[in-house]
Amino acid sequence: MASVNQSIFRNSGGTRTGAGGGGGTGGDTGSGGAAGTGGDTEASTDGGVNDAGGSDASCVSTPVTVATASAGSSPGSANGYIALSSTPLALGDDNLVLVTGLPSFVYAGQTYTSLGVGSNGCLVVGGCVSGVDCLSANQSLPDPNSPNQLLAPFWTDLDPSAGGAVRVDQRTINGSTWIVVDWNAVPEYGTPAVTDQFEVWIGTNGIQDISFSYGNINGTGRNGNLTIGAENGCQGQNYYFKYFADVGGATTVPGLGTELGVTSP
């Protein structure tokens with residue numbers, strides 16, 4: 001990828017829920033043009049069908065499911081996870097960066113060219129509209145409240161300002177190209193020694209081809225709170241969910257070598 005077009009959104013009034021909670025930061029700002037490295041050249045404008053605010057997009061009643069995939073479904077390495085080396089996104093605590101000009105990809109029957117990349121381990125497909133899309137309090141999916149159009153490989157309260165890096169790049173393997181979003185050794189908030197490593201692979205081949213891949217996962221989410229799943233606003237599924245006393249889905253957090261596939265009919 002020749003460049004990454006970024007606009008930064010910050011949580012401007014949300015609060016953390018649970019032990020150790022603190023306020024979010026204020027003041028949404030925009031910035032552009034942080035450089036990335038890697039293979040294909042991206043477009044300079046955002047031409048997707050349903051981009052421009054994925055979290056507020058009209059509900060699309062297409063089922064979305066998340067389930068264990070066979071090893072090697074993500075083509076990065078033998079276990080599906082490969083650390084990126086492109087320039088990190090300018091993400092701090094409770095931030096979300098709008099990345100535009102991506103190759104077109106399909107999610108839940110719709111085509112997009114942008115992603116909101118959140119510090120807290122989730123993506124808003126089609127972009128983001130405000131700091132509400134980077135709140136640290138994870139939801140059970142689906143949920144009609146923002147954020148929607150959501151891919152959540154490891155949604156919990158993470159803090160890239162304390163370590164690790166979040167990157168976006170492209171990888172072309174055997175003639176097929178994927179957008180890859182990598183959270184590499186990002187600490188859980190307040191516990192800098194507890195880091196998590198995971199990524200999302202999004203195919204650009206005209207059909208939905210999305211998977212979550214996991215490297216070294218050292219925690220279970222801040223305060224044990226964590227959502228792994230996907231939704232399109234109307235429909236979706238938790239693979240794993242825990243928010244204090246509320247639980248659902250699998251009982252084990254994915255670990256090294258786990259791959260999950262996100263599918264729609």
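Table for the structure above
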{"read-out": "The range 134-259: radius of gyration over Cα atoms, expressed as a fraction of 2.2 N^0.38 Å", "value": "1.05"}
{"read-out": "Separation of the Thr65 and Cys234 label points, Cα + 7 Å toward Cβ, nm", "value": "1.8"}
{"read-out": "Kirkwood Rh, Cα atoms: Rg over Rh of the range 53-263", "value": "0.92"}
{"read-out": "Note, ³J(HN,Hα) from phi for the range 111-116, Karplus 6.51, -1.76, 1.60, rounded to Hz, x at Gly and Pro", "value": "9, 9, 9, 9, 9, x"}
{"read-out": "Estimated vicinal HN-Hα couplings, Hz - the range 195-210 in sequence order (Karplus 6.51, -1.76, 1.60; Gly, Pro = x)", "value": "10, 10, 9, 7, 7, 10, 10, 10, x, 10, 9, x, 10, 5, 8, 10"}
{"read-out": "The range 86-150: Rg to Rh, with Rh as the Kirkwood radius over Cα pairs", "value": "0.96"}
{"read-out": "Calculated log₁₀ intensity ratio I(q)/I(0) where the Debye formula runs over C-alpha points of the range 111-182, q = 0.15, 0.17, 0.24, 0.25 Å⁻¹", "value": "-0.54, -0.68, -1.16, -1.22"}
{"read-out": "Table column - 3J(HN,Hα) (Hz), the range 169-175, Karplus curve with 6.51, -1.76, 1.60, x for Gly and Pro", "value": "7, 10, 10, 10, 10, 6, x"}
{"read-out": "Selection of chymotrypsin sites (Phe, Trp or Tyr not before Pro), the range 215-265, meeting DSSP coil and at most 11 other Cβ within 10 Å", "value": "Phe244"}
{"read-out": "Packing-based order for 103-112, 253-262, 154-163, using average beta carbon neighbours within 10 Å, highest first", "value": "154-163, 103-112, 253-262"}
{"read-out": "Rule-of-thumb Rg ratio for the range 191-265 [Cα; 2.2 N^0.38 Å; N residues]", "value": "1.20"}
{"read-out": "Distance between modelled label sites at Thr111 and Val194, nm, 7 Å Cα→Cβ extension", "value": "4.3"}
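Each reported figure results from applying straightforward, stated rules to the coordinates on display, with no laboratory input. What you see is a predicted model, and the numbers here were worked out from it, not measured in a lab. Cβ atoms come from the backbone with ideal geometry, glycine included; neighbour counts cover every protein chain shown.
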